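Just so it is clear, none of the values below were taken in a lab; they were calculated from the coordinates. These numbers come from a predicted model, not from an experiment. Note that we place each Cβ from the backbone using ideal geometry, even for glycine, and neighbour counts take in every protein chain shown.
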């Protein structure tokens with residue numbers, strides 16, 4: 001497994017192929033890529049000629065103009081205040097770290113051995129460019145993506161079924177209720193026994209972490225869907241399959257995305273724990289190895305890396321959610 | 001009369017409800033919602049069903065829509081028994097029932113899309129209907145960006161998009177303010193005359209039922225039965241000014257008398273007795289003060 005690591009990290013195999021392997025880049029680049037490129041042209045046409053002649057034309061619901069507007073709206077007073085407060089909160093955390101390590105604060109909490117920001121920065125510069133560190137990140141991201149997409153592929157359809165059909169609920173919920181309270185970390189020993197290699201075991205544990213939040217939120221989404229919408233769909237001639245695809249799935253989408261965001265968070269927690277216990281490679285493994293080798297700056301670097309990767313992953317999910325569900329901006333109660 | 005003309009033209013949209021009985025619950029918790037109801041809507045006719053809340057008028061509509069199966073009797077549309085919901089019956093609900101994730105136009109297109117109509121044809125139909133509802137300029141808006149009156153207008157044309165035989169409306173203007181209601185009623189009569197479609201309209205608003213209908217069924221309090229059937233001889237097209245005419249007023253009086261008795265009955269025996277004797281509450285010589 002170890003010897004092929006370098007090759008693997010260059011082209012990360014991504015099931016579904018929807019999310020960019022470099023999360024931070026994807027956050028910025030996915031904005032213009034989202035809608036159809038011809039959007040503004042057709043939209044302008046419809047506005048100019050639409051009212052006069054009801055000619056058939058395809059008008060995309062999400063146009064570039066809409067997205068530009070959404071982006072412009074980001075620079076409101078509220079947003080600026082939020083950004084300043086965010087800066088203060090992150091800044092305070094950093095200052096506590098900086099001052100605590102600078103003056104070697106020691107009163108019950110001991111900053112004696114905690115590396116300073118400068119040391120961590122040096123470590124990052126030294127390690128950050130090294131191939132080994134990137135390999136670790138690549139491994140972690142790949143495990144997250146595989147586990148997460150399997151969790152979506154199983155959790156969402158199963159959740160839709162359980163939410164919709166009483167019989168499916170009766171059949172699956174007892175198992176779900178038994179397995180749900182078991183934290184993903186508690187699966188580690190069994191996973192190592194079950195799966196042929198460590199890699200599969202770690203992906204499995206990541207899957208377990210993401211699966212339950214996705215499943216339960218999907219169920220909740222279906223159950224909280226306004227019954228009148230389902231009835232309206234039936235009256236308009238939708239058969240069972242059409243109802244699932246055109247009413248139940250889009251109607252549950254906001255809750256599904258809540259599940260994805262929570263699931264992604266839990267997936268990271270589970271992944272890091274699994275990597276620390278049984279891993280070879282991965283950011284969790286890197287962090288634990290640093291502790292074993294008494295390389296304290298590397299511990300901090302590992303932690304910060306985990307934080308940033310987790311943040312980037314939830315950011316991507318939120319971004320996809322906004323692009324897929326522009327209507328939520330107008331839903332009662334404002335933005336989610 | 002347009003109604004008779006429509007009937008001879010198409011002979012479609014004939015709703016017949018016979019000896020209908022609906023019982024909810026089982027064993028000791030049984031509730032008789034509807035009992036022994038027979039009613040019909042002739043092709044092209046506008047019929048209202050009016051009664052106190054909880055009298056089972058919405059249940060009747062649910063049966064015709066195909067959501068609820070009756071315990072006894074049957075409902076037919078053009079001679080065919082109604083067993084499940086279908087696009088031959090357009091339904092407009094009291095709650096706003098537009099799909100919030102679809103644009104206004106996609107909402108109107110929904111029924112056609114389910115029927116497999118191609119995109120360009122759907123688009124043309126939806127735009128024509130939105131034009132009729134006076135909402136073409138809102139076609140790319142989402143429902144949550146619109147007012148209640150706008151949403152219900154879209155709800156109506158969405159139900160009409162699949163060219164149903166009948167339109168079933170369950171207190172569609174119940175959530176709107178009085179002024180909007182009146183305008184919506186005029187819009188609805190206008191649309192109805194253009195489509196020559198049969199309508200079964202549920203309401204508890206007496207003026208609304210008279211203004212819109214050719215015929216009105218008055219229902220009793222639970223268990224719901226048909227108490228009276230009243231023809232509305234007012235000419236078409238109906239205009240807002242008609243509500244001030246003596247003919248309209250006398251119909252209102254007649255219906256008010258019929259409904260009041262049932263509304264009191266719906267509130268329970270105590271209120272019924274008091275209401276019939278003019279709500280004269282006798283607490284004692286000291287009046288209400290004695291209670292405290």
> Nearest 10 degrees, 0 to 90: what angle lies between the long axis of helix B:148-160 and the longest principal axis of chain B (Cα atoms)?
Replying inline: 60
> How much FRET efficiency would the formula 1/(1 + (r/R0)^6) give for residue B:254 and residue A:154, where r is the Cβ-Cβ distance and R0 is 60 Å, rounded to 0.05?
Replying inline: 0.40
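When you look at the Cβ of every residue in B:101-111, what mean number of other chain Cβ atoms sits within 10 Å? Display every interim value, and only then the final one.
Details: counts 15, 5, 6, 0, 3, 2, 2, 0, 1, 8, 6.
Shielding by partners across B:101-111 averages 4.
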> What's the angle, to the nearest 10 degrees (0 to 90), between helix B:104-114's Cα axis and the longest principal axis of chain B?
Replying inline: 80
> In whole angstrom, how far apart do the alpha carbon centroids of the range A:300-314 and the range B:80-130 sit?
Replying inline: 47
> If eta is 0.692 mPa s and T is 37 °C, what Stokes-Einstein diffusion coefficient results for the range B:96-149, Kirkwood Rh from Cα pairs, in µm²/s?
Replying inline: 293
> Taking neighbour counts of Cβ atoms within 10 Å as a proxy for exposure, in what order, fewest first, do B:222, B:153 appear?
Replying inline: B:222, B:153
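Which whole number gives the average count of other chain Cβ atoms within 10 Å of the Cβ atoms across peptide B:116-128? All intermediate terms of the calculation are to be shown ahead of the outcome.
On the way: counts 2, 0, 1, 3, 4, 1, 1, 6, 4, 2, 2, 8, 1.
Per residue, the number of nearby Cβ atoms from other chains is 3 on average.
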> For the range A:116-336, what's the relative contact order in percent, using C-alpha pairs closer than 8 Å and at least 6 residues apart?
Replying inline: 26
> Using the C-alpha atoms of chain B, what convex hull volume per residue, in cubic angstrom, is computed?
Replying inline: 178
>> I'd like the distance between the alpha-carbon centres of the range B:179-219 and the range A:246-296, rounded to an integer number of Å.
In response: 58
> Helix B:246-266 versus the longest principal axis of chain B: what is the Cα-based angle in degrees, 0 to 90, to the nearest 10?
Replying inline: 60
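Using just the Cα positions, wrap the range A:116-336 in a convex hull and report its mean projected area in square nanometres, one decimal place. Please list the in-between numbers first.
Details: hull surface 59.8 nm².
For the range A:116-336, averaging the hull's shadow over all directions gives 14.9 nm².
For a Förster distance of 51 Å, can you work out the FRET efficiency between the beta-carbons of residue A:113 and residue A:330, rounded to the nearest 0.05? The partial results should precede the final answer.
On the way: r = 53 Å, r/R0 = 1.04.
According to the calculation, E is roughly 0.45.
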> How fast does the range B:128-207 diffuse by Stokes-Einstein, in µm²/s, taking the Kirkwood radius from C-alpha pairs at 4 °C and 1.567 mPa s?
Replying inline: 98
> Normalised by the residues of chain B, what does the relative contact order come to in percent, with Cα pairs under 8 Å and at least six apart?
Replying inline: 23
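For each of B:118, B:208, count neighbouring Cβ atoms within 10 Å of the residue's Cβ, then give the residues from fewest to most. Present the calculation step by step, with values, prior to reporting the outcome.
Values: B:118 10, B:208 21.
Fewest-to-most ranking of B:118, B:208: B:118, B:208.
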>> At 0.692 mPa s and 37 °C, plugging the Kirkwood radius over alpha-carbon pairs of the range A:143-232 into Stokes-Einstein gives what diffusion coefficient in µm²/s?
In response: 234
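Report, in deg cm²/dmol and to the nearest 500, the calculated mean residue ellipticity at 222 nm for chain B, where each DSSP H run with n ≥ 4 adds -39500 (n - 2.57) and the sum is divided by the residue count.
Working: 9 runs with 110 residues, N = 292.
Helices in chain B give a 222 nm mean residue ellipticity of -12000 deg cm²/dmol.
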>> Give me A:207, B:67 sorted ascending by neighbouring Cβ count inside 10 Å, so fewest comes first.
In response: B:67, A:207
>> Given contacts defined as C-alpha pairs under 8 Å and at least six residues apart, what's the relative contact order of the range B:60-202, whole-number percent?
In response: 30
> Under the definition of partner shielding as Cβ atoms of other protein chains within 10 Å of a residue Cβ, what is the mean value for peptide B:85-94?
Replying inline: 4
